[in-house]
Structure formats: C-alpha cells, structure tokens
1. Anything in region 29-65 that is of a type in the set (Ser, Thr, Tyr) and surrounded by fewer than 20 Cβ atoms within 10 Å (Cβ to Cβ)? List them, or say none.
2. Enumerate the strands (runs of 3 or more DSSP E) found wholly within region 79-163, keeping only those where 3 or more residues are surrounded by fewer than 24 Cβ atoms within 10 Å (Cβ to Cβ) and aliphatic (A, V, I, L, M).
3. Please determine whether any residue of region 10-28 is surrounded by 12 or more Cβ atoms within 10 Å (Cβ to Cβ), touching a residue at least 60 places away in the same chain (Cβ under 8 Å), part of a helix (DSSP H, G or I) and of a type outside the set (Gly, Ala, Ser).
4. Does residue 31 satisfy being closer than 22 Å to residue 177 by Cα, in a strand (DSSP E or B) and out of contact with any Cys (no Cβ under 6 Å at 6 or more places or on another chain)?
Amino acid sequence: MDLGDCMDFDSRIRKIPDYPKKGILFYDITTLLKDGRAFKAVVDKLEKRYDDREVDVVVGIESRGYMIGGALADRLVAGFVPVRKQGKLPAETFRATYTKEYGDDGLEIHKDAIQPGQKVLIVDDLLATGGTIAATVELVEKLGGDIIGICFMIELTGLSGRSKVDSKYPIFSLIEYKE
C-alpha cells in the first residue's frame, strides 16, 4: 500500500487563526514538511499522479511551492523553474500582478526559463483566491509553455480560486478545506 493512501495529512498541518491578519486562517505546512514520512508521502502521491505525463519543467511558486516542486521535479527527472516575488530574480524577467486575500503583489519569471512547447507542471502549497496561480499561468503562457497540470497540497474550496484557471487546465489538490 502507498504510504500516502493511509497518511493523515490534515493532522500534520498547523492551523493558525488571524494570521497574517485578522479573519484569515493560515494553513502552515512546515509541520508536515518536518515529518520526513509525511513529506515523502506527499511527494509520492504527486509523483504517482504525474509520472506518466512526461513533464519537462516543474514550476514552483515562491516560497512553499519550491519545497514541494523541487522534490517533485527531482522525482520526475524534470527541470525546476522558480516563480518569485518581484525584484528577486537576477536576469531579465516577465512580470504579472495579482491580488491575494490580504493584498496586492507581483510575480516574475526569467524570460529564458521555459522554451515554447515544453510540458509544464505548476506546483504550489495552497490554492485560495486564485490570484497567485492566475499570475503564474499568465507567465508560463507568455513563455509558450504547455501547461499539463496544476497541483496544490491544499485547496480552500470556499474561496473559489480554481475558477480563475479551472476551465483551461486540470487542477489537483491533495487536501480540500471548505473555507
């Protein structure tokens, strides 16, 4: 049996009320990541889902998407491309702006990070309102990447973030909370 099939991921995620501001319930995955068996089980489940998709590049979204995305890229023998907050990448970038549940922000990707036609899997820790993923999709599309999937560890289904990209690309979430 796959360890991930019997692993209780929810019990390994710390919930912090009123962070980073009042009214927000923050799902802290660092408590799951520090548990080697749980972290392995998350990556195992994602690998199993995408191992037959011939992924060329895994795009991880700053910052917790790097942790999951980097491990998954290694397993899939794919490249890893970081999408970062504005001003953090050293070479020429494309930029996309978005609104999160607690403010406006921007993301950037290197202009040479993805070649047209490369199969891209986008990974992040959490899908809430969808602003971050919509901006990332915009950046990957601008570079000509072929998005074959988008995956999250957690999805807050009550915030309808999936609606910003759902009809265009398949989305998978390991854990869903009806927030």
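1. Answer for region 29-65, where residues must be of a type in the set (Ser, Thr, Tyr) and surrounded by fewer than 20 Cβ atoms within 10 Å (Cβ to Cβ): 30, 31, 63.
2. Values: elements: 79-85, 93-100, 103-110, 119-127, 146-156.
Output list reads 146-156.
3. yes
4. no
Computed from the coordinates by the stated procedures, all read-outs in this text should not be read as laboratory data. Worth saying up front: this structure is predicted, and the values here are computed from it rather than measured. FYI the Cβ positions are ideal-geometry reconstructions off the backbone, even for glycines, and counts take in every protein chain you see.
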